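K.L.:
Before we start, here is the structure in question, set down as structure tokens.
The values are calculated or read from the model by the stated rules, or taken from the named source; none is laboratory data. Worth saying up front: this structure is predicted, and the values here are computed from it rather than measured. Don't worry about glycine lacking a Cβ; one is built from the backbone with ideal geometry, like all the others, and counts go over all protein chains shown. Keep in mind that these areas ignore ligands, DNA and RNA; they rest on the heavy atoms of the full protein, side chains included. Shrake-Rupley method; radii C 1.70, N 1.55, O 1.52, S 1.80 Å.
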Amino acid sequence: QVQLAESGGGLVQAGGSLRLSCVASTSTFSRYYIGWYRQAPGKQRELVAGISNGGTTNYADSVRGRFTISRDNAKNTVYLQMNSLKPEDTAVYYCNAAALFNNYWGQGTQVTVSS
């Protein structure tokens, strides 16, 4: 069982920045694809950004150019740097770790962007 702990959420004005962190409790962290998802009230959870075990990244069109995902396997941590935040980025952000037969979720961290 892998536990994921997100942190770094909060309240920020439009145009501001936040950095989210996701720390995993596994020595095999480097094997996992890590994704950051978000879910706004009344909406489905969506993939925001992901990073493979090889470092390949992918982004939702809505955040490309503003968000950057990165990983530090030595620290079992994935980061999501969020710049130029918009009110529509307001959501609970979740970290997900996925491998061949395993899929784990964190508890989420709230991000609120005021206009």
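K.L.:
Mind running the shape call on the stretch 1-76? Use the C-alpha gyration tensor, a ≥ b ≥ c as the square roots of the eigenvalues: rounded below 1.5 for a/c, prolate if a/b tops b/c, oblate otherwise.
P.N.:
Numbers: a/c = 1.67, a/b = 1.54, b/c = 1.09.
In terms of gyration-tensor shape, prolate.
K.L.:
In square angstrom, what is the accessible area per residue of the chain with a 1.4 angstrom probe?
P.N.:
Roughly 53 Å² per residue, with all protein chains present.
K.L.:
So if each residue of separation counts as 0.36 nm, and I subtract the Cα-Cα distance between residue 74 and residue 27, what length gain in nm does that give?
P.N.:
Difference between extended and current length: 16.0 nm.
K.L.:
Can you sort 72, 61, 89 by 1.4 Å-probe accessible area, starting with the largest? Don't jump to the answer; show the numbers that get you there.
P.N.:
Numbers: 72 45, 61 130, 89 0 Å².
The residues order as 61, 72, 89, largest area first.
K.L.:
At a probe radius of 1.4 Å, what is the per-residue accessible area of residue 86, in Å² to the nearest 10?
P.N.:
We get 80 Å² for residue 86.
K.L.:
Could you rank the peptides 4-11, 17-24 by their average count of other C-beta atoms within 10 Å per residue, with the highest value first?
P.N.:
Going from most to least packed, we get 17-24, 4-11.
K.L.:
Only Lys, Arg, Asp and Glu count, each charged at its Cβ (+1, +1, -1, -1), so figure out the dipole size of the chain about its Cα centre, rounded to 20 debye. Can you show the working numbers first?
P.N.:
On the way: 10 positive and 6 negative charges, 19 e Å.
My answer is approximately 80 debye.
K.L.:
Summarise the accessible area of the chain (1.4 Å probe, protein heavy atoms) by the percent that is carbon and sulfur.
P.N.:
On the way: 2810 of 6090 Å².
So the carbon and sulfur contribution to the accessible surface is 46 percent.
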